[in-house]
1. Highest mean first, what order results for 97-110, 47-60 on Cβ atoms within 10 Å?
2. Return the sequence-ordered ³J(HN,Hα) values of region 44-50 in whole Hz as given by the Karplus equation 6.51 cos²θ - 1.76 cosθ + 1.60 applied to θ = phi - 60°, using x for Gly and Pro.
3. Using a cut-off of 11 Å between beta-carbons, work out the net charge of the residues near residue 95 (Lys and Arg +1, Asp and Glu -1, residue 95 not included).
4. Going down the table (63/184; 75/97; 102/191; 75/116), which pairs top 21 Å between alpha carbons?
5. Please list 72-82, 31-41 highest first by mean number of surrounding beta-carbon atoms within 10 Å per residue.
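Bear in mind that the values in this text are calculations on the coordinates, not laboratory data. Predicted, not measured: the structure shown is a model, and the values here were computed from it. We place every Cβ from the backbone using ideal geometry, glycine too, and count neighbours over all the protein chains shown.
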Amino acid sequence: MSGPKLQHLLGVSVFSLMLLPLVLSCDSNRTMREIAEDYEAVISPLLQNLENIITESLKVADKSCTEKEMPVCEKDNERQFIHNMMCSHGRLIRFYKLERMKRDILCSLGHHCPRKQRCSHQHQRRKKKKPGGEARRVEEKERTEENRGTMEGGGERLDSGKQQGRERSRSTEAMERRRQCGLKVFVDSLKECYMSLAERHGDLT
C-alpha cells in the first residue's frame, strides 16, 4: 500500500472513531481512572484499528519490521510516557495526518506539549558572499565542459538516468518502509503502555 493511500485510511480511521459518543475532558487534574476510562471507550479501538491498517499495509507490500525496538513503558509512569511519545513524534504524526488523535490523547491526559522556544539569532540568515570574478570564470568553464561531455555521451547519460531512476525508486520504497515501521512501533508502544495503565486503574482485566 502506497504512502498516500495509507495516509488517507489512517486519517479516515481517526476521524470516524473520534465521533464516538464521548467528550474527552481537558482538565489538567484528571485522575488515572478517568484516563483509563477514555482508553477503554475511545482510544483502545482507535489504536487497534490503526494497528490493523498498518499490519495489512505491511502484509500487502510483503514487508516486515524487525529492526526497531519498542521503547520501555515503566509502570507508575505510563501517563508521562504516553505524553512524551505524543510530543516527540510530531513529524510522524503530521505525515500520517494523526493530529486529531494526538490532540484528543493529550486532552485525555490533561497535558499539552511544551512550546518550543526559538532564539531570534537562530533565524538570522547570513548572506553568502558572491564568488569573485576569477572563481566565476572557472565555474562557467567547468559547466561548459560538463555540458559538452553530456552532448558527446548521450547514450551513456541515458543509461545513467535510468539507473538513477531505479535507485531513487528503491530509496523511496525504503523510506516509506521505515516510516511505516516507525508508525507501527509508535502505535504498539502506545497500546502496550495504555494497557498497563488500564490494568491497574480501569476495568480492563
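1. Descending packing order for the listed peptides: 97-110, 47-60.
2. 4, x, 5, 5, 5, 5, 4
3. Around residue 95, the charge tally is +2.
4. As for pairs spanning more than 21 Å Cα to Cα, those are 75/97; 75/116.
5. Final packing ranking: 31-41, 72-82.
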